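Since the structure comes first, as C-alpha cells, the remarks are kept for the end.
The values are calculated or read from the model by the stated rules, or taken from the named source; none is laboratory data. Everything quoted here is computed from the prediction, not taken from an experiment. Backbone-built Cβ (ideal geometry, glycine too); neighbour counts: all protein chains shown. In case anyone asks, the SASA skips ligands and DNA or RNA and just uses the protein heavy atoms, side chains included. Shrake-Rupley method; radii C 1.70, N 1.55, O 1.52, S 1.80 Å.
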Amino acid sequence: MSDIILEVKNLKKYFKTKKGLLHAVDGVNFIISKSETMGLVGESGCGKSTIGRLILRLIEATEGEILFEGKDICKLDKKEMREMRKKIQIVFQDPYSSLDGRRSIFDSIGEPLRVQKVFNDKQSYEKRVYELMDTVGLARRLANTYPHELDGGRRQRVGIARAMALNPSFLVLDEPVSALDVSIQAQILNLMEELQKEFGLTYLFISHDLSVIKHISNHIAVMYLGKIVEKSECKELFKEPLHPYTQALLSAVPIPSIDVKIDRIILEGDVPSPINPRPGCRFAPRCRLAGDICRQETPELREVRPGRMVACHFVENQN
Amino acid sequence: MNEGKILLDIRDLTVHYITYDGTVRAVENLSLSLKYGETLGLVGETGAGKTTTVKTILRILQEPPAKIIKGEIIFENEDLLKKDMKKMRKIRGKQISMIFQDPMTSLNPVLTVQEQIMEVLRLHNRKLSKKEALIEALEMLEMVGIQAERGSDYPHQFSGGMKQRVIIAMALACNPKLLIADEPTTALDVTIQAQVLELMKRLKNEYDTSMIMITHDLGIVAEICDKIAIMYAGEIVEYGTRKHIFHNGLHPYTKGLFACIPNILDEETKLIPIKGLAPDPINLPLGCKFHPRCSYACEICKTEIPPNKEIEPGHFVRCHIV
Ligand SMILES: Nc1ncnc2c1ncn2[C@@H]1O[C@H](COP(=O)(O)OP(=O)(O)O)[C@@H](O)[C@H]1O
Ligand SMILES: Nc1ncnc2c1ncn2[C@@H]1O[C@H](COP(=O)(O)OP(=O)(O)O)[C@@H](O)[C@H]1O
Ligand SMILES: [Mg+2]
Ligand SMILES: [Mg+2]
C-alpha cells in the first residue's frame, strides 16, 4: 500500500545495565498511514519514549527495521540521515530542557534552518521564522524574549515551531501536553490538530493520558513492559478493550462525571522490572486470566477479530 | 457525634508573598468551611493558590517571603493563626496531617519505613513502648497494602506508588481529624493512582477523617469529594456540593474547565480551550480576575469585584453575570 508512511518491524532496544540487560523495547511492530495519528499509550517505563527516540535515530536499535517511506532509517549513512531529519521531527514534553536558555525565541525557532543551511539570504530566513511563529500562534513581539520568560504553553509552541521549521511530514510527539494545565493543554491539542489538517502531517502521539490519546488518535497501540499488548482503531478500543491490561488501564481512569459508575479493575502490585524479564507474558503476574501457558509462552500479537490485534492467550475465553 | 458540625472554617484569608519583583497576591479573601467527615476538593490550575492555602492552615509557610495579611482559620473553635509555633507543631502531628505530591518531601532517606512510622506514633503517644510502636507500625503498613516484611526497607527500595502508600500510613498514624492531600497521585501512573485512591476512599470511611484533596483532575474530584471549591487566581470562584458543581456549575471558569478536558466517555470532536493565560499574580486584573479570559464579560466585570452570591443553599458563585 502506498499510503503507509512508517513501518516498524520487530524493533528491539536493549540497554546494558549493571543488573543485566534491560528490555526497553522488545519486538514491536506497527504501521502508520499517511496523515493519521497513531497513539502510543502505556504507563511510565513501558518503552514509549525509547520508540520515539529510535525513530529519530537519537539512539541505535538493537534489532529490527524502521521503514520510513520504504527506506530503513537504521541503515542510512550520515548524509542520508541528515536529509531524513528534515522529514521527521520530534516534540518533547518539556521544551524547556530542549531549548537553549541563552537563545532568544527567534533564534531557537530559526536554529534548524541555520543548521540545515536552508536560506542564504537573511530576509527569507527572517520571513520564514516569523511565518513559523504565526503558524503556531506565537505573537511576533515575543521574538526577542527568552524561554524562561514564557509560560509552559508558549514554550511548547516554540518547540512545535522548531519541529515545523523544515516542513516535516512526520512528527513524533512525546507527551507534548503532559506538563501543561488543562486549559492550555486544550489549546495545544487543537493547534496540533489544525497543523495536521493544514500540512497533512502524520503523528506518532506518545502519552500516558488515555483521555488525551482517545481524543487525538485514529489508531492506538497499548504498551506494557516493552511490548505492544493491543492495537486497534481508536473508538473500537475504547468501546471494548480486549486485552486484560487494556481493560484494567481504561477502568482506572477517573471520569469527570458523577453520573457514571465504572467497574474498576484494581491491579495488584507494581510493574515488574524490565531487566532480564522472565519468559512468558509480561503481564501474567498481575493478570486475572493468567494460566500456566502464560508463564511459559510469550503470546504473539494476533488478529482476533477484523482490525483487532491482541497479544493474549486467553482473549477468546473471556465473556 | 460531630456529624454536621464544622471542623474547619477559613474566613477572609489573604496571603501574599513579598518578592523582589513585587507582591504576589497568592490568596485573597478566601473563605471556606469543612464539616466533620467531609471531603473537600480544592480544584484549580497551577498558581491558583491551592498549596499556599493549605500551607497556611498548617502554618508551614516560609515567612518571609510569605505574609499572612488577614483572616482567621478556625479549627475546632480555635484560631490557628493565633497559635504559637510550639502549639502548632502539636496540632500538626496530632490533629492535622499532610500528604505532598512528592513522597520524598515527607520521607527520610536514611531511616527504614517502619522506623519512620514508629517515630510518628511515639510522637503522639509518648507512653507507647518501642515494641508496641513497631507492632502498630507494621499493622499500618499492612493496612495500606504493604507486607510487614518490607517495613525494614528504606524508601528508595520502594516504587513511587508504594512510597505514597507509606506516606498515607504515616499521615494516618496519628489518627488526625483533618487530612490534607496536595496532589497525592499526580506523579503516579493511572493504575497505581487507582490503587491509592481506592485506599484513600476506604480509609476515609473507616477513620471518618475529614479531608482536603487538592487536585487539578475533575475525575478524581468526582470520585471522592463531597464538596468542591474551584479556585482561580487566589480566590474561590465557585463552591458547592458535587451535585452543584457537576450538574449546575455556573461560573464561566468552572464551565470552561469542563469544556476543555477530553473525556474518555465522550465522543467529543473539538475541545473548547479557555482563551488566554492565567494572570500574573503580581499584576492581577481589576474587577473580576477572570474577566480577560471570560467570553461573557461585561463592563462591570472590568471594574468591580464580583460579590460571592449564594445561588441555591450551599452553592456560592463569585460572578456578576450569573
Ligand atoms: N539510556 C538508558 N539506559 C538505560 N535504561 C534506559 C535508558 N533509557 C530508557 N531506559 C529504560 O528503558 C525503559 C523504557 O523507558 P522509556 O522509553 O523512557 O519509557 P516511557 O517513555 O514509556 O516512560 C525504562 O525501564 C527506562 O528506565
Ligand atoms: N515562596 C514563594 N515566593 C514567591 N511566590 C510564591 C512562592 N510560593 C508560591 N508563590 C506564588 O504564589 C502563587 C500561588 O502558588 P501556589 O499556592 O503554589 O499555587 P498552586 O498550589 O495552586 O499551584 C503563584 O503565583 C506562585 O508563583
Ligand atoms: Mg517517556
Ligand atoms: Mg500546588
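The table below gives the values:
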| quantity | calculated |
| --- | --- |
| Extreme residue, farthest from ligand 1 (Cβ to nearest atom), among residues of the stretch A:157-186 that are surrounded by fewer than 24 Cβ atoms within 10 Å (Cβ to Cβ), touching a residue at least 40 places away in the same chain (Cβ under 8 Å) and within 26 Å of B:R293 (Cβ to Cβ) | A:A179 |
| Residue match in the stretch B:235-258 (condition: in contact with a Leu (Cβ under 8 Å, 6 or more places away or on another chain) and open to solvent by 40 Å² or more (accessible area, probe 1.4 Å)) | yes |
| Condition met for B:R25 (in contact with a Pro (Cβ under 6 Å, 6 or more places away or on another chain), not in a loop (DSSP other than H, G, I, E, B) and not acidic (D, E)) | yes |
| Test: residue in the stretch A:82-100 that is away from every other protein chain (no Cβ under 14 Å), β-branched (V, I, T), more than 16 Å from ligand 1 (Cβ to nearest atom) and farther than 23 Å from A:L11 by Cβ | no |
| Which numbered condition B:T105 fails, given (1) closer than 30 Å to B:G44 by Cα; (2) at pLDDT 85 or above; (3) among the hydroxyl-bearing types (S, T, Y) | (2) |
| Selection count where residues are open to solvent by less than 30 Å² (accessible area, probe 1.4 Å) and in contact with a Lys or Arg (Cβ under 8 Å, 6 or more places away or on another chain), scope the stretch A:282-307 | 1 |
| So A:V118, is it touching a helix residue (DSSP H, G or I) at 6+ places or on another chain (Cβ under 9 Å) and modelled with pLDDT of 95 or more | no |
| Filtered residues of the stretch A:12-22 (kept if within 16 Å of ligand 3 (Cβ to nearest atom) and touching a residue at least 12 places away in the same chain (Cβ under 8 Å)) | A:K13, A:L22 |
| Candidates A:V229, A:V260, A:V310, A:V253, filtered to the one that is farther than 30 Å from B:T215 by Cα and out of contact with any Cys (no Cβ under 9 Å at 6 or more places or on another chain) | A:V310 |
| Pair list, Cβ < 8 Å and 6+ apart or interchain, from the stretch A:256-276 residues that are at the interface with chain B (Cβ under 10 Å from one of its Cβ atoms) to residues that are aromatic (F, W, Y) and within 16 Å of ligand 1 (Cβ to nearest atom) | A:V271/A:Y224 |
| Hits in the stretch A:1-20 (condition: of a type in the set (V, I, T) and away from ligand 1 (no atom under 11 Å from the Cβ)) | A:I4, A:I5, A:V8 |
| Members of the stretch A:170-180 that are more than 11 Å from ligand 3 (Cβ to nearest atom), part of a loop (DSSP other than H, G, I, E, B) and modelled with pLDDT of 90 or more | A:P176, A:V177 |
| Residue in the stretch A:144-156 that is over 22 Å from A:A179 (Cα atoms), over 28 Å from the mean Cα position of the chain (by Cα), surrounded by 16 or more Cβ atoms within 10 Å (Cβ to Cβ) and away from chain B (no Cβ under 14 Å) present | no |
| Qualifying residues in the stretch B:31-47 (those that are within 15 Å of ligand 4 (Cβ to nearest atom) and modelled with pLDDT under 95) - the one nearest to B:D84 (Cα to Cα) | B:G47 |
| Sole exception among (1) within 16 Å of ligand 3 (Cβ to nearest atom); (2) away from chain B (no Cβ under 14 Å); (3) in contact with a Lys or Arg (Cβ under 9 Å, 6 or more places away or on another chain) for A:G39, by number | (2) |
| Conditions (1) surrounded by fewer than 23 Cβ atoms within 10 Å (Cβ to Cβ); (2) at pLDDT 90 or above; (3) facing chain A (nearest Cβ under 9 Å); (4) out of contact with any Asp or Glu (no Cβ under 9 Å at 6 or more places or on another chain); number of the one not met by B:D217 | (4) |
| Answer residue from the stretch A:193-210, given it is within 11 Å of another protein chain (Cβ to nearest Cβ) and closer than 19 Å to A:R154 by Cα and is most open to solvent (accessible area, probe 1.4 Å) among those | A:E194 |
| Tabulated pairs, the stretch B:272-283, first facing another protein chain (nearest Cβ under 8 Å) and under 17 Å from A:Q187 (Cα atoms), second of a type in the set (A, V, I, L, M) and not in a loop (DSSP other than H, G, I, E, B), C-beta under 6 angstrom, 6+ apart or interchain | B:I272/B:A259; B:P273/A:A186 |
| Scope the stretch B:8-54; condition within 14 Å of another protein chain (Cβ to nearest Cβ), out of contact with any Cys (no Cβ under 6 Å at 6 or more places or on another chain) and polar (S, T, N, Q); matching residues | B:T46 |
| Matching residues in the stretch A:201-212 - criterion: being within 13 Å of ligand 1 (Cβ to nearest atom) and in a helix (DSSP H, G or I) | none |
| Tally of residues being within 16 Å of ligand 2 (Cβ to nearest atom) and open to solvent by 40 Å² or more (accessible area, probe 1.4 Å) across the stretch B:98-124 | 4 |
| Cβ pairs under 9 Å, 6+ apart, first in the stretch A:100-129 and within 24 Å of A:E83 (Cβ to Cβ), second polar (S, T, N, Q) and outside any helix (DSSP H, G or I) | A:P112/A:Q89 |
| Test: residue in the stretch B:192-207 that is within 9 Å of chain A (Cβ to nearest Cβ) and surrounded by fewer than 22 Cβ atoms within 10 Å (Cβ to Cβ) | yes |
| Of all residues in the stretch B:164-186 being within 14 Å of another protein chain (Cβ to nearest Cβ) and surrounded by fewer than 22 Cβ atoms within 10 Å (Cβ to Cβ), the one that is nearest to ligand 2 (Cβ to nearest atom) | B:E183 |
| Residue check for B:K83: open to solvent by 80 Å² or more (accessible area, probe 1.4 Å) and either in contact (Cβ under 8 Å) with a residue 24 or more places away in the chain or more than 16 Å from ligand 4 (Cβ to nearest atom) (or both) | no |
| Candidate set: the stretch B:1-52, residues that are among the polar types (S, T, N, Q) and open to solvent by less than 50 Å² (accessible area, probe 1.4 Å); chosen: the one farthest from the chain's Cα centre (by Cα) | B:N2 |
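Residue-wise test of (1) open to solvent by 40 Å² or more (accessible area, probe 1.4 Å); (2) touching a His at 6+ places or on another chain (Cβ under 6 Å).
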{"residue": "B:K275", "(1), (2)": "yes, no"}
{"residue": "B:A278", "(1), (2)": "yes, no"}
{"residue": "B:C288", "(1), (2)": "no, no"}
{"residue": "B:I300", "(1), (2)": "yes, yes"}
{"residue": "B:P307", "(1), (2)": "yes, no"}
{"residue": "B:E312", "(1), (2)": "yes, no"}
{"residue": "B:V322", "(1), (2)": "yes, no"}
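Yes or no, residue by residue, for (1) of a type outside the set (F, W, Y); (2) free of Cβ contacts under 8 Å to residues at least 12 places away in the same chain; (3) crowded, with 20+ Cβ neighbours inside 10 Å:
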| site | (1), (2), (3) |
| --- | --- |
| A:E36 | yes, no, no |
| A:V41 | yes, no, yes |
| A:L56 | yes, no, no |
| A:I59 | yes, no, no |
| A:I66 | yes, no, yes |
| A:K79 | yes, yes, no |
